[in-house]
1. When the residues of segment 176-188 are filtered to those that are under 16 Å from residue 137 (Cα atoms) and either in contact (Cβ under 8 Å) with a residue 60 or more places away in the chain or touching a helix residue (DSSP H, G or I) at 6+ places or on another chain (Cβ under 7 Å) (or both), which remaining residue is surrounded by the most Cβ atoms within 10 Å (Cβ to Cβ)?
2. When residues of segment 51-91 are filtered for being in contact with a strand residue (DSSP E or B) (Cβ under 7 Å, 6 or more places away or on another chain), exposed (fewer than 13 other Cβ atoms within 10 Å of the Cβ) and in contact (Cβ under 8 Å) with a residue 60 or more places away in the chain, how many remain?
3. Condition (residue is more than 15 Å from the chain's Cα centre (by Cα), at pLDDT below 95 and over 18 Å from residue 68 (Cα atoms)) applied to segment 97-110: is it met by at least one residue?
4. Within segment 139-169, restricting attention to residues that are in a loop (DSSP other than H, G, I, E, B) and surrounded by 20 or more Cβ atoms within 10 Å (Cβ to Cβ), which residue is modelled with the lowest pLDDT?
5. So, in segment 170-206, of the ones that are outside any loop (DSSP other than H, G, I, E, B) and in contact with a strand residue (DSSP E or B) (Cβ under 8 Å, 6 or more places away or on another chain), which residue ends up farthest from residue 39 (Cα to Cα)?
6. In this structure, does residue 134 turn out to be closer than 20 Å to residue 92 by Cβ and under 10 Å from the mean Cα position of the chain (by Cα)?
7. Say whether the condition of being within 27 Å of residue 31 (Cα to Cα), modelled with pLDDT under 95 and either surrounded by 15 or more Cβ atoms within 10 Å (Cβ to Cβ) or in contact with a helix residue (DSSP H, G or I) (Cβ under 9 Å, 6 or more places away or on another chain) (or both) is met by at least one residue in segment 189-206.
8. Can you tell me which residues in segment 108-131 are surrounded by 15 or more Cβ atoms within 10 Å (Cβ to Cβ) and closer than 17 Å to residue 91 by Cβ?
């Protein structure tokens, strides 16, 4: 076997081994464990007095939130198409009022063999290193909160891709307490498929 060909084959084998090892590490230590830790910490914060959306009675009755099992199929890479005209949308709120959000760009991705798009928003008073994605899907009202769920998407100016991690999809505070006012996902962000990932509907404990 000629030396250059042998080097190519060895390099290919090394690359395959690297990807297998990378995937194993990503699944376990680098992704699943931190995700589960985040969920535990959220439960703790909901039991506390400072950051809980519940009133005193609800806080005392609260045990834990319920989630789908982590599934890497629902952690997707999406192409960002920045809007040429980044206008401000008055997003409707659950009390009938409106709150301004900047329409930043469109995220295009493939899931379950279909092409999908979600509008990426920027909170005018929010973090500059993340975008906001309110969305609905076919699980709403059945397995997840009927009003839709949210994603906070890490982002740096100029990024051409983002990761939409639906395992981190969460319900707004009005899912736990009707006294809260929450954004209503716009029509642009109504997905035609079910997203069985992230937070499920909260069931009150008596």
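1. Of the residues in segment 176-188, the ones under 16 Å from residue 137 (Cα atoms) are 183-188.
From what is left, the residues that are either in contact (Cβ under 8 Å) with a residue 60 or more places away in the chain or touching a helix residue (DSSP H, G or I) at 6+ places or on another chain (Cβ under 7 Å) (or both) are 183-184, 186, 188.
Details: 183: 21, 184: 17, 186: 18, 188: 14.
Once the filter is applied, the top-ranked residue is 183.
2. Residues of segment 51-91 in contact with a strand residue (DSSP E or B) (Cβ under 7 Å, 6 or more places away or on another chain): 65, 67, 75-83, 86-91.
Next, from what is left, pick out any that are exposed (fewer than 13 other Cβ atoms within 10 Å of the Cβ): 77, 86-88, 90.
With in contact (Cβ under 8 Å) with a residue 60 or more places away in the chain added as a condition, the list becomes 77.
Within segment 51-91, residues that are in contact with a strand residue (DSSP E or B) (Cβ under 7 Å, 6 or more places away or on another chain), exposed (fewer than 13 other Cβ atoms within 10 Å of the Cβ) and in contact (Cβ under 8 Å) with a residue 60 or more places away in the chain number 1.
3. no
4. First, pick out the residues of segment 139-169 that are in a loop (DSSP other than H, G, I, E, B): 139, 141-143, 145-148, 155-160, 169.
Filter once more, so that each one left must be surrounded by 20 or more Cβ atoms within 10 Å (Cβ to Cβ): 139, 145, 148, 155, 169.
On the way: 139: 98, 145: 98, 148: 98, 155: 94, 169: 98.
Looking at the filtered set, the residue picked out is 155.
5. Among those that are outside any loop (DSSP other than H, G, I, E, B) and in contact with a strand residue (DSSP E or B) (Cβ under 8 Å, 6 or more places away or on another chain), it is 188.
6. On the way: closer than 20 Å to residue 92 by Cβ: yes; under 10 Å from the mean Cα position of the chain (by Cα): yes.
Yes.
7. yes
8. Hits for segment 108-131 are 118, 119, 120, 121, 122, 123, 130, 131.
The values are calculated or read from the model by the stated rules, or taken from the named source; none is laboratory data. Not measured: the values here are computed from a predicted model. Note: ideal-geometry Cβ built from the backbone for every residue, glycine included; neighbour counts use all protein chains shown.
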